[in-house]
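Below is one structure, written out as structure tokens; the observations come after it.
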Amino acid sequence: MTRSTTFASASLSRHLVRGVIGFGGLIGAFALVPVVGLYSLLLLPLGVLALRGCPMCWTIGLLETISNGRLRRACDDDRCSVAVAARE
């Protein structure tokens, strides 16, 4: 059973496509200013939306997507540990 997290995507490929669109939008917004003027800043909302707010949020989501279902946290006797989940 995999758990749903706030930042993780349904699949790694979907998350990477979001990253390409997001970072492409952010970079393109500033790189295209000399070519098309301030109209290139219209790419900023696309980049921010694809990254779900910020590049750090996307990075956290990438790590969650990769580790989703692979790591388990167990707490006992006031101590917590992270271990690799058993394969089903």
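Values as computed for the structure displayed
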read-out: Loop-located trypsin sites (Lys or Arg not before Pro) in region 31-88 whose Cβ has at most 12 other Cβ within 10 Å (DSSP); value: 70, 87
read-out: Apportionment of accessible area to carbon and sulfur, the chain, percent (1.4 Å); value: 66
read-out: Axial C-alpha extent at least 15 Å, average Kyte-Doolittle at least 0.0 - helices from the chain (DSSP); value: 12-31, 55-67
read-out: nm² value of the averaged projected area, convex hull over the Cα atoms of the chain; value: 7.2
read-out: Size of electric dipole in the chain: Cβ of Lys, Arg +1 and of Asp, Glu -1, about Cα centre, debye, nearest 20; value: 200
read-out: Å² per residue, accessible surface of the chain at 1.4 Å; value: 76
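The values are calculated or read from the model by the stated rules, or taken from the named source; none is laboratory data. Note that this is a predicted model, so its numbers are computed, not measured. Positions of Cβ are backbone-derived with ideal geometry, glycine not excepted, and every protein chain shown enters the neighbour counts. The accessibility values were calculated without ligands, DNA or RNA, using every heavy atom of the protein model including side chains. Shrake-Rupley method; radii C 1.70, N 1.55, O 1.52, S 1.80 Å.
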